[in-house]
Amino acid sequence: MDINATKKLNNGVEIPYLGLGTLHSKDNEETVNAVRWAIEAGYRHIDTAGAYGNEKSVGQGIHQNGIDRKKIFLTTKLRTEDMLPGPANKGVRE
């Protein structure tokens, strides 16, 4: 599969099929580098979650790369306790 291949979602947005998962990545320089290097290699989809505890490092890796943030498809997940309307809105905005 081509690293740039995408899938069109129902809302018309295109999401890259391939992405860097960060489930077992810690909030440290190693994760910053992994994200930065993945973007340098052509990845445009990064997957994280608040529960992983590494969002700061993921953000740093994206920022340090210098690629326009609008060109990165970032996915995350809500924690179970955040799935009610009030907490979900807060979680998405943070």
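The values are calculated or read from the model by the stated rules, or taken from the named source; none is laboratory data. Small disclaimer: the values here were computed from a predicted structure and weren't measured. Quick reminder, even Gly has a Cβ in these numbers, built from the backbone with ideal geometry, and neighbours come from all protein chains shown. We work out accessible area using only protein heavy atoms, side chains counted, and drop any ligands, DNA or RNA first. Shrake-Rupley method; radii C 1.70, N 1.55, O 1.52, S 1.80 Å.
Just subtract the alpha-carbon distance of TRP37 and GLU14 from 0.36 nm times their residue separation and send over the number in nm, one decimal.
6.1 nm
With only Lys, Arg, Asp and Glu charged, each at its Cβ (+1 for the first two, -1 for the last two), find how big the charge dipole of the chain is about the Cα centre; round to the nearest 20 debye.
280
Trypsin sites (Lys or Arg not before Pro) within region 1-78: which are DSSP loop residues with at most 12 other Cβ atoms inside 10 Å?
Filter output for region 1-78: LYS26.
Given a 1.4 Å probe, how much area per residue of the chain is accessible, in Å²?
Accessible area per residue, the chain: 69 Å².
On a full-extension model of 0.36 nm per residue, what is the gain between LEU74 and LYS56, subtracting their alpha-carbon distance, rounded to one decimal in nm?
Fully extending the segment from LEU74 to LYS56 adds 5.2 nm.
Using +1 at the C-beta of Lys and Arg and -1 at the C-beta of Asp and Glu, which of TYR17, LEU84, GLY53 has the Cα lying farthest in the positive direction of the dipole of the chain?
So the residue we want is LEU84.
At 222 nm, what value in deg cm²/dmol follows for the chain if DSSP H runs of at least 4 each add -39500 (n - 2.57) and the sum is divided by all its residues, to the nearest 500?
After summing the helix terms and dividing by residue count, I get -10000 deg cm²/dmol.
Considering the convex hull of the alpha carbon atoms of the chain, report its projected area averaged over all viewing directions, in nm², one decimal.
The number I arrive at for the chain is 6.7 nm².
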